[in-house]
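Notes for the one structure printed next.
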Amino acid sequence: MEDMQTVIILMTAVIVVHSVAIIILFSIIISLLVKLKRIASQAETAAHNIAQVTEWLSPRKVFTEASRLFRRK
C-alpha cells in the first residue's frame, strides 16, 4: 500500500510541475506575440510614412503643388 501512495504522490507532483511549465510557456508565447504585433504595427507605420514621402518626391506632385501655390492670390 505504501508503494501505491508513493506512486500517486509522485505522479501528482509530476502533473503539477508539467501544468506549471505549460502555463509559463503559454505566457511566454503570448508575450512574444504581443511584442511581434507591436513591431509589425511600427513597421506598417514606417512603410506608410515612406509611401507618403515617395509620393511627395515625385516630380509631378512637386510641380503640381508649386503651380497651385503660384496660382493662388
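The values are calculated or read from the model by the stated rules, or taken from the named source; none is laboratory data. This structure is a prediction, so every number in the text was calculated from the model and none was measured. Neighbour counts are summed over all protein chains in view; Cβ atoms, including those assigned to glycine, are modelled from backbone coordinates with ideal geometry. Heads up: the accessible areas ignore ligands, DNA and RNA and are worked out on the full protein's heavy atoms, side chains in. Shrake-Rupley method; radii C 1.70, N 1.55, O 1.52, S 1.80 Å.
Dipole orientation for the chain: of the candidates GLN42, SER31, VAL62, VAL62 has the Cα lying most toward the positive pole (charges on Cβ; Lys, Arg +1; Asp, Glu -1). For region 58-69, backbone phi angles converted through the Karplus equation (6.51, -1.76, 1.60; θ = phi - 60°) give residue-by-residue couplings of 6, x, 4, 5, 4, 5, 5, 5, 5, 5, 5, 5 Hz, Gly and Pro being listed as x. Among ALA21, ALA46, ALA13, the largest mean-square fluctuation in a Gaussian network model of the chain (Cα springs under 10 Å) belongs to ALA13.
I'm spelling it out carefully: the read-out is Rg and Dmax of the Cα atoms in Å, the candidates are [x] 15.5, 56; [y] 30.7, 101; [z] 10.9, 32, and one was derived from this structure. Which label? Here the calculated entry is [y]. A Cβ-based charge dipole, computed about the Cα centre of the chain with Lys and Arg at +1 and Asp and Glu at -1, lands at about 1340 debye. Overall, the accessible surface of the chain at a probe of 1.4 angstrom is composed of carbon and sulfur to the extent of 72 percent. Calculated on C-alpha atoms, the gyration radius of region 30-71 divided by its Kirkwood radius gives an Rg/Rh of 1.38.
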